[in-house]
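What follows is a set of notes on a single structure, which appears directly below.
The values are calculated or read from the model by the stated rules, or taken from the named source; none is laboratory data. Note that this is a predicted model, so its numbers are computed, not measured. We place every Cβ from the backbone using ideal geometry, glycine too, and count neighbours over all the protein chains shown.
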Amino acid sequence: MGQFFQDLRYGLRILTKYPGFAAVAVLSIALGIGVNTTVYSWIEVFLLRPMPWVADGDRIAVLENLAPSGELLTSSYPDYRDYRAQVPSLAGLSAFQDQPLVLGEGREARRIWAERVSADFFDVLGVHPQAGRFFRPEEGAAGGPPVAVLGDGLWHRRFGADPGIVGRTIVLDRHPLTVVGIAPPSFLGATVGLAYDLWVPLPLERQWNGGRDRLAQRSDRSLHLLGRLRAGTPLAAAQAEVRGVAQRLARAYPDTNQGIGATLRPVRQASYGAQSLLGPLLAVLAGIASLVLLMVCANVANLLLARATARRRELGIRAALGGGRGRLVRQLLTESLSLSLLGGIVGLLAAFWMTDALSALLPPTHLPVAAMPGPDGRVLAASLLLSLVAGLLFGTVPAFQAATPGLPLALGEGGRGASPGRRPRALRNLLVVAEVALATLVLVGAGLFLRAFERARAIRPGFAPEHVLLVGVTDPGPAGYGREAAQGFYQRLAEQLAALPGVSGIAMAEKVPLGFEGGSWEEAGIEGYAPPPTENMKIFRNLVSPGYFSVLRIPLLAGRDFGPRDDLGGAPVIVVNDTFARRYLPGVSPLGRHVRVWGRTATIVGVVATAKYGRLAEAPQPYLYAPLFQHLDAGMGVVFHLRTAGDPEGLLPGVRRTFGSDPALVGFTAPMSEYVGAALFPERTGVAVLGCLGALALVLAALGLYGVVSYSVTERTHEIGIRMALGASREDVVLEVLGQGMRLVAAGLAFGTLASLALARALPGISGNTGRAGSAADWSIFAAVAVLLSGVALAANYLPARRATEVDPVAAIQRG
Amino acid sequence: MIRLQGVEKYYQNGHVKTFVLRRINLDIEEGEFVTIMGPSGAGKSTLMSIVGMLDATWEGEYYFLDQPVHKMKPKERAALNKQYIGFVFQSYHLIDSLTVYENLDLPLSYRDVKKAQRQSLVAEALDRFHIVGKKDLFPSQLSGGQQQLVGVARAVVGNPKLILADEPTGNLHTGQAEEIMELFKKLNEEGTTIIQVTHSEKNATYGNRVVHLLDGWVVGQES
């Protein structure tokens, strides 16, 4: 141990003696470790431990329904009860859905995000309250007492962490509820990436909704289900049982469940939550970040090889004094490891800052996005381990190379004429080739992402989000507030907002397309269309007010827009898009046709152009719109769409004045063009992160190349002197040195391009890339990367080449 | 102590062998002070490297304290080197990044000497060579003579039976050179065997035998 500390002390002293070398090496390692720690931290948060607060998290699984198309769906309450009763492999199954609520009244009112949950929700997750208790079975039943559980954040923010709040009454959406407990600080809710403030039992909605019970409808699929496997039960066994129940439900309830399957999968594979958006991207980022770390290792190994050559005299003395090969290797490895640890520590500090970068890339959303936690103990330990592995990776070869038998100084004049030989030089060249190849890979990866991003961004969404301000308004919901009153409330609000200066058009809708929340859908029976037995007639839909299509510039192709009479008292009507018309009613006019939806028969009164609803890259899909005021319900928020000629944010002061007395009603405000950026969030994140990694790779490759060529020029000073004495011009010398460096670049580019072709085929799932690496567009990326790398390499080579021309032939020959 | 029989060293360039040492037969008794002389390229330093067990690529037989070095594995040779041999170099070859104290400590630490014993041996050497006041200085802060003094102190700190000195005064002025040679003489009188390489006739007079090398051959010996 004493010798280890002695080696460590000498190692650190060497580093301080060569601060330039140490700074470059430590900074390179810090960047490599920082980037990998950041990506690993994201993977840990979203994929490996998406619910760290859950006891025995590996036994928690998501139960989702499965459409015939393979699309994953939420479930209905009756289905939930059946699955809960009929899957013996599950120790428990809970249901939940999120909902914005207003806490408090008047000026004290604040909008919060809550989860409505089944009574066993916390038991299934294995969470324990920090104060009070969680829900009792009777509180989860219809007509149960109105109770709530506070989140730790809300408890601190709103109630000053007063433990006396348990047992007291709070007002939620103007209904009194009793607080029965406080969730532990770590518990944020059941959706990965979101942080909820409060939990209430599922059936409360029924009591607040004038007795109308949407939960009783098997067609109302709005619940997420989370189950806990019994100890020792394999997931596959439970999956088989879940599939069996789905088949029984499809037979028993064909109207709602025909063709609907079910699947049980780990939380990280759920179709909702941040992990569903970022999972595939993180896999690519992890791969690219690893490549960057390999580049860092190659770079630092190169630096160490150069330093070891410069330290041949010292190592020779050590060997002559009895330092065996093992001892010298240990000394050099200790130095490498101290370098890697220093770099690792700096990288970890950087990772705390970089981890939050993901939040900065988020488009505006009204969802309660959780703050990104910094790297936890596991991530820190893994990163330090990674630093040590990197240290071994970049330190081992140079250490063994330096301590090779036969290297020691020649007795006599200090190893006169001792040359480091061809082997270290060849190794350094090989490392640079590897670095250029890796840089090519990283840059091509970034380029492909950028291309995919541009391609996605170029897709027109089918509506005009520019110059539109979104104002999300939560349900006003006073006790006993009827649907007519709600309609009156929203209409009055619309009139006030429409009167704001600069507003040229206004419309309302329940959903905003291309946001994070995803869409809602309804089962539809279309007159004149007989679906095959396995076809699920699930049609995505939106509830919109009159004027919606004109405000969003969605072309009306036939029929009419909704009008003021399309309300509760009017006959049920819908507007469909042209994809709906072509898919279900080909060759006939859809106008006047009937569609059975929401349990009623509605008449198609208009056809509009197809837009993008969930993702920009999606194929055209059937879609239907229904009048907002025919379906307005308690708990339903509405989003106002305000069109203006100028900057939509210019409308904000007027909007705030309009809601002055009741600001909690406003859930969110955002320019629509930013809001729909959610549709490109993974691509945007990929481009931003890969762009940074690409730049880093470029710098590392340039540094590596510069180091090798520069060192080679120093080594070849004598030779260059002789060449010049023999008549070589400065241009000859520059070309000779440039040629040496550019040959390495060419080799690296060739290997990197081959590897990139394989990478290009791995990307389509993430970026919407066609995957046909070899298309003209892809080749232009390869060409651009080759030109960029060659340009940077040329610059990195030119500096030492210039230096080579300054060699004084006489002095060089004399020194030799 | 040392017996070389038919030792040869050459470099292979394709099919051509370039000999550096040819059929060296040499016996050195314990307690001798031997000087090796010869022009540049005669093979003096190569011979010292072989005797010092720094070079393992040669042919012939080499017995050190009756042990057959030519049959030993690299680790065994390294162990023998560590235990019995100290080196003094023309360019001092102190490690720039270590203090005087640490330079003296280094060979002992390579011999796995316990820390307490190392401290005692280094303190003794510092005292013996009157360099206690310099112990925290780095080599660059010392004069050439002082550096070579440290070099000799480092060579003897482990109490070696044999000191190999390659042009130990080559970089020193006359006064410093005499001081170092007197030191070697004293060490020899105390029982340490010394082999030095030198071009200096004056330095050779400190020894009791001179071996002449030319083009890799031993061309003469005189006592």
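Under the condition of being touching a residue at least 40 places away in the same chain (Cβ under 8 Å) and of a type in the set (D, E, K, R), which residue from the stretch A:648-695 is surrounded by the most Cβ atoms within 10 Å (Cβ to Cβ)? It comes out as A:Glu683. For the stretch B:55-65, filtered to residues that are out of contact with any strand residue (DSSP E or B) (no Cβ under 6 Å at 6 or more places or on another chain) and without any contact (Cβ under 8 Å) to a residue 60 or more places away in the chain, the residue that is surrounded by the most Cβ atoms within 10 Å (Cβ to Cβ) is B:Asp55.
Picking from residues in the stretch B:95-144 that are acidic (Asp, Glu) and surrounded by fewer than 19 Cβ atoms within 10 Å (Cβ to Cβ), the one that is farthest from the other protein chains (Cβ to nearest Cβ) is B:Asp127.
Being of a type in the set (Phe, Trp, Tyr) and within 14 Å of chain B (Cβ to nearest Cβ) is not true of A:Phe46.
Listed by position, the helices (runs of 4 or more DSSP H) inside the stretch A:1-94 whose residues that are among the small types (Gly, Ala, Ser) and surrounded by fewer than 19 Cβ atoms within 10 Å (Cβ to Cβ) number at least 2 are A:19-43. The set of residues from the stretch B:70-94 being assigned to a loop (DSSP other than H, G, I, E, B) and either in contact with a Pro (Cβ under 8 Å, 6 or more places away or on another chain) or within 9 Å of chain A (Cβ to nearest Cβ) (or both) comprises B:Gln90, B:Ser91, B:Tyr92, B:His93, B:Leu94.
All of A:Arg313, A:Arg248 fail the test of being within 14 Å of another protein chain (Cβ to nearest Cβ) and surrounded by fewer than 20 Cβ atoms within 10 Å (Cβ to Cβ), apart from A:Arg313.
Filtering the stretch B:161-180 to residues that are modelled with pLDDT of 90 or more and out of contact with any Asp or Glu (no Cβ under 8 Å at 6 or more places or on another chain) leaves B:Leu162, B:Ile163, B:Leu164, B:Ala165.
Within the stretch A:436-473, how many residues are more than 30 Å from A:Leu497 (Cα to Cα) and touching a residue at least 12 places away in the same chain (Cβ under 8 Å)? So the count comes out to 22.
Of the listed requirements (1) crowded, with 20+ Cβ neighbours inside 10 Å; (2) out of contact with any helix residue (DSSP H, G or I) (no Cβ under 6 Å at 6 or more places or on another chain); (3) not in a loop (DSSP other than H, G, I, E, B), A:His641 misses just one: (2). Residue check: B:His199 meets all listed conditions (1) in contact with a Ser or Thr (Cβ under 6 Å, 6 or more places away or on another chain); (2) of a type outside the set (Lys, Arg); (3) within 14 Å of chain A (Cβ to nearest Cβ) but one, namely (1). Is it the case, given these coordinates, that A:Ala664 is under 29 Å from the mean Cα position of the chain (by Cα), at pLDDT below 85, more than 30 Å from A:Ala617 (Cβ to Cβ) and assigned to a helix (DSSP H, G or I)? No, not satisfied. B:Ser97 passes every criterion in (1) among the polar types (S, T, N, Q); (2) over 21 Å from B:Ile195 (Cα atoms); (3) in a helix (DSSP H, G or I) apart from (3).
Being part of a loop (DSSP other than H, G, I, E, B) and in contact (Cβ under 8 Å) with a residue 24 or more places away in the chain is the filter; apply it to the stretch B:172-206 and report the residue that is surrounded by the fewest Cβ atoms within 10 Å (Cβ to Cβ). In this case the residue turns out to be B:Gly191.
Taken together, B:Arg111, B:Arg128, B:Arg154, B:Arg77 contain a single residue that is over 13 Å from the mean Cα position of the chain (by Cα), closer than 21 Å to A:Glu314 by Cβ and of a type in the set (Lys, Arg), which is B:Arg111.
Restricting the search to strands (runs of 3 or more DSSP E) fully inside the stretch A:177-270 and requiring at least 2 residues that are under 24 Å from the mean Cα position of the chain (by Cα) and at pLDDT 85 or above gives A:224-229, A:261-266. Note on the stretch B:52-69: residues that are within 11 Å of another protein chain (Cβ to nearest Cβ) and farther than 16 Å from A:Gly316 by Cα total 1. Within the stretch A:321-356, being within 14 Å of chain B (Cβ to nearest Cβ) and more than 22 Å from A:Leu305 (Cβ to Cβ) holds for A:Leu321, A:Gly322. There is no residue in the stretch B:28-50 that is surrounded by fewer than 22 Cβ atoms within 10 Å (Cβ to Cβ), more than 17 Å from the chain's Cα centre (by Cα) and within 13 Å of B:Arg3 (Cα to Cα). Evaluating A:Ser589 against the criteria (1) more than 29 Å from A:Ala452 (Cβ to Cβ); (2) among the polar types (S, T, N, Q); (3) buried (at least 20 other Cβ atoms within 10 Å of the Cβ) leaves one unmet condition, (3). For B:Val100, are the conditions met, namely being more than 19 Å from B:Ala78 (Cβ to Cβ) and β-branched (Val, Ile, Thr)? The answer is yes for B:Val100. Within the set A:Leu103, A:Leu150, A:Leu93, the sole residue that is under 30 Å from A:Gly614 (Cα atoms) and either of a type in the set (Lys, Arg) or touching a Leu at 6+ places or on another chain (Cβ under 7 Å) (or both) turns out to be A:Leu93.
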